[in-house]
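Engineer: My questions will all concern the structure given below.
Readers should treat all values here as calculations from the given coordinates under stated rules, not as data from a laboratory. Keep in mind that this is a model prediction, so the values were computed, not measured. Cβ: placed from backbone, ideal geometry, glycine included. Neighbour counts: every protein chain shown.
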């Protein structure tokens, strides 16, 4: 079984924020593979919302922690411990300031890059899980970063965002096949023709 974690903050106030792109991507994966298409598909468990299904014969549990970003590790640890899922079978989707919008980077392990959600998961599980970095761009200065991530996508970005999420979801099985390079390539090629 793989545990797929989307990072974000719960509640309608935060729903459209750049910081919540991990939530959005995880929900899009659940919808794309028809196991999180309705509200009743999701259950409250592990201090978050979960839904389960299968992709290519692989069992998948999707978790959206509701602990707020800074405490994401509590929810991830609870789900991983209950289902006995090793860190190498955990995939975390999160926003990335250091990447241009609509770019992706995938790697196992590494640092938290100042991301409080990753910091919390590292403290709970160690660093050996997979990270899918979803580019949201940078506002220009570090002083502006907090306000930037906790603000909605721009009108122009909102036109492109659904395509990015659908592309990441469509190619997600490549990550389960241990082919992150092909995942990144395919998403990049699709977004090149749209994002300018």
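Engineer: What is the gain in length, in nm to one decimal, between residue 152 and residue 107 on full extension, counting 0.36 nm per residue of separation less the C-alpha to C-alpha distance? Provide the component values of the computation, followed by the final result.
Structural biologist: Details: separation 45, 0.36 × 45 = 16.20 nm, distance 2.67 nm.
Taking 0.36 nm per residue and subtracting the Cα distance, the gain is 13.5 nm.
Engineer: Using only Cα atoms, locate the centre of the range 113-137 and the centre of the range 20-85, then give the distance between them in Å, rounded to an integer.
Structural biologist: First find each Cα centre; the distance between them is then 16 Å.
Engineer: With no solvent and one equal point scatterer placed on each C-alpha of the range 4-46, evaluate the Debye formula and give log10 I(q)/I(0) for q = 0.32 Å⁻¹, two decimals.
Structural biologist: So the normalised log intensities work out to -1.17.
Engineer: How much length, in nm to one decimal, is gained on full extension between residue 38 and residue 182, taken as 0.36 nm per residue of separation minus their Cα-Cα distance? Don't skip to the end; give the middle numbers.
Structural biologist: Numbers: separation 144, 0.36 × 144 = 51.84 nm, distance 3.00 nm.
Computed gain between residue 38 and residue 182 is 48.8 nm.
Engineer: Could the peptides 68-79, 21-32 be put in order, highest first, of the mean number of other beta-carbon atoms found within 10 Å of their residues? Display every interim value, and only then the final one.
Structural biologist: Values: 68-79: 20.8, 21-32: 24.1.
Highest-to-lowest ranking by the protection proxy: 21-32, 68-79.
Engineer: Separate question: Taking R0 as 35 Å, what's the FRET efficiency between residue 194 and residue 68 from their Cβ-Cβ distance, rounded to 0.05?
Structural biologist: Numbers: r = 32 Å, r/R0 = 0.92.
With a Förster radius of 35 Å, E is 0.60.
Engineer: From the C-alpha coordinates alone, can you work out the Kirkwood hydrodynamic radius of the range 70-123, in Å? Numbers along the way, then the final one.
Structural biologist: Values: mean 1/r = 0.0818 Å⁻¹.
Evaluated on the range 70-123, it is 12.2 Å.
Engineer: Hey, what's the Kirkwood Rh for the chain if you take every pair of different alpha carbons, in angstrom? Each step should come with its number before you reach the end.
Structural biologist: Values: mean 1/r = 0.0606 Å⁻¹.
Roughly 16.5 Å, rounded to one decimal.
Engineer: Please compute the Cα-Cα pair-distance distribution of the range 127-196 with 5 Å bins starting at 0, giving whole percents from short to long.
Structural biologist: Taking every Cα pair in the range 127-196, the percentages come to 3, 14, 21, 20, 17, 16, 8, 1.
Engineer: Can you work out the base-10 log of I(q)/I(0) for the range 7-80 at q = 0.17, 0.18, 0.21, 0.28 1/Å, using the Debye formula on its C-alpha atoms alone?
Structural biologist: -0.60, -0.68, -0.91, -1.38
Engineer: Turning to a different aspect of this structure: How high is the relative contact order of the range 2-183, given as a whole-number percent (alpha carbon pairs under 8 Å, six or more residues apart)?
Structural biologist: Working: 361 pairs, mean separation 48.2, N = 182.
Result for the range 2-183 is 26 percent.
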